[in-house]
Amino acid sequence: MHEFILTSCLEDHIVSVHVWDPQTGTEVMTFKEGGTVKSRTLSLLGSDYVIAAQQLKPVLTVWPVNSQKPLHAPRLLCTGHVSALAPSPDAAYIAVAVQEKINIYQVCSGFLMGTGIRHFQPITVIRWSSDGSHVICGGDDGLVTVWNIARIVSRDVRPEPEYTFCDHKLPITDIAIGGVHTGARLASVSADGTCRIYSLTSGKALLTIVFNEVLTSVALNSVETDLFVGGTSGNIFQVHLQAQNETSVEQTFFDPQFNVNSKSIFSGHEKAVTCLSCSESGATLLSGSNDETVKLWHISSKQCLRTIGMKGAVTNSSFVRASKYMFDQNELKRSVILRPFQKSISSEEQNEYCLEILTDQDISSKWTASEDCFSNKYSRRLAFDDGGDDSHLEDMKLEISRLRDINEKLYKFSVENLLRKREES
């Protein structure tokens, strides 16, 4: 899968977002009229749109991937200035941070599915796990919170995070999640000069690495063998996690006892490194900096392959998968349906617009707890309130039987219709 580079910067009042070809360093696309893009808010929404939050307005800007101009409708208005933003991997939800709150919106309806409140100061970064089951937040209060998305959208009275990490002493500046499996690791960096690695499975702290400067960005490669940390000096520190001494929970990067074979330094930026991203192949590292440059690095040789000049300090820079629609001049064939953001609605109102789909796997094994019934892959939410009442269970079985009958009739009707059309032709 071919990759492009998505960037934004300050002081560029004409172009909001740039798209670059990492192989040649040429600019292949620009997105305009979206204002200055806020840090940690730029990303793709599925394969159809580019989405970002404006620096000075409580609104999200959305561009079709094949158009330089943003959509004027629907308008994605938020309840306040957005401090962080991230869509889920399947583009079913958008996590929006407004100050210390995280709001989860459903993309196809615009409904506010739930709100998580645990931070005491503004959330500065949001990341999703690769399977879309968890959303992770880092804030100015030094907290890292891990939320089970099913608990938020199941409309608990006050959903609580699955894990809350309170080890950092100063604001969180960036978070990275590696891997494509349930045992993925989470890395967080802070202004306190530490990088901490946790297990998303157990919630346990695995390793702490201490640096002698303020840390500003972090990235993990997809197989979680290499960790990259950027700081205010402009250096990028690489740690080979497989070569670490696991008997020590805390290590200092510049300590002579730190395994010299497990660390490297990329030097080239003159100011703080604000963004880091690894290519899917794990061969190339992308970095953005306050020195108004974006650099591509060959990881094995530590050589800078290419430098891209920007008009201001880089606020967002990441590898993204190329969209097949990006250079299509025709009207976009949307696979993602957008609706304006709505306020929270009651369950009765939601049922008028939402269709729940059950599979045999859901029925047989996944209906005792709402968070276990959630399958993000198909954008479903099954929230069965099992209070021990067998009559409620029987009602649900009857409803399932009725839905099966309906599905069978729809299938027969579709098959007969298709066969008749084929005979006529």
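The values are calculated or read from the model by the stated rules, or taken from the named source; none is laboratory data. Everything numeric here is computed off the predicted structure, so don't read it as measured data. All Cβ positions, glycine included, derive from the backbone under ideal geometry; neighbour counts span all protein chains shown. Only protein heavy atoms, including side chains, enter the accessible area calculation; ligands, DNA and RNA are left aside. Shrake-Rupley method; radii C 1.70, N 1.55, O 1.52, S 1.80 Å.
What the table below lists for this structure:
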quantity	calculated
Residues (open to solvent by less than 80 Å² (accessible area, probe 1.4 Å), modelled with pLDDT of 75 or more, out of contact with any Lys or Arg (no Cβ under 9 Å at 6 or more places or on another chain) and not small (G, A, S)) located in region 302-341	K302, M310, V314, F319, V320, M326, D328, V336, I337, L338
Unmet criterion (only one of (1) modelled with pLDDT of 95 or more; (2) outside any strand (DSSP E or B); (3) open to solvent by 20 Å² or more (accessible area, probe 1.4 Å)) for G142	(3)
Residues of region 231-244 classified as outside any strand (DSSP E or B) and farther than 19 Å from T124 by Cβ, total	7
Search result, residues across region 407-418 that are within 39 Å of the chain's Cα centre (by Cα) and open to solvent by less than 70 Å² (accessible area, probe 1.4 Å)	S414
Unique residue being within 23 Å of the chain's Cα centre (by Cα) and either of a type in the set (S, T, N, Q) or within 19 Å of L215 (Cβ to Cβ) (or both) when the list is S287, S300, S267	S287
Single condition A243 does not satisfy, out of (1) of a type in the set (A, V, I, L, M); (2) at pLDDT below 90; (3) open to solvent by less than 20 Å² (accessible area, probe 1.4 Å)	(3)
Long-range neighbours under 7 Å by Cβ, at least six apart or interchain, first residue without any contact (Cβ under 8 Å) to a residue 24 or more places away in the chain within region 58-82, second open to solvent by less than 80 Å² (accessible area, probe 1.4 Å)	V59/L76; V59/C78; G80/P58; G80/V98
Matching strands (runs of 3 or more DSSP E) fully within region 151-230 where at least 2 residues are open to solvent by less than 40 Å² (accessible area, probe 1.4 Å) and more than 24 Å from N103 (Cα to Cα)	194-199, 205-210, 215-220
Residue list for region 69-98, filter: part of a strand (DSSP E or B) and of a type in the set (V, I, T)	V82, I94, V96, V98
Unmet criterion (only one of (1) under 19 Å from T7 (Cα atoms); (2) at pLDDT below 95) for V260	(1)
Test: residue in region 205-224 that is in contact with a Lys or Arg (Cβ under 8 Å, 6 or more places away or on another chain), closer than 21 Å to K38 by Cα and in contact (Cβ under 8 Å) with a residue 12 or more places away in the chain	no
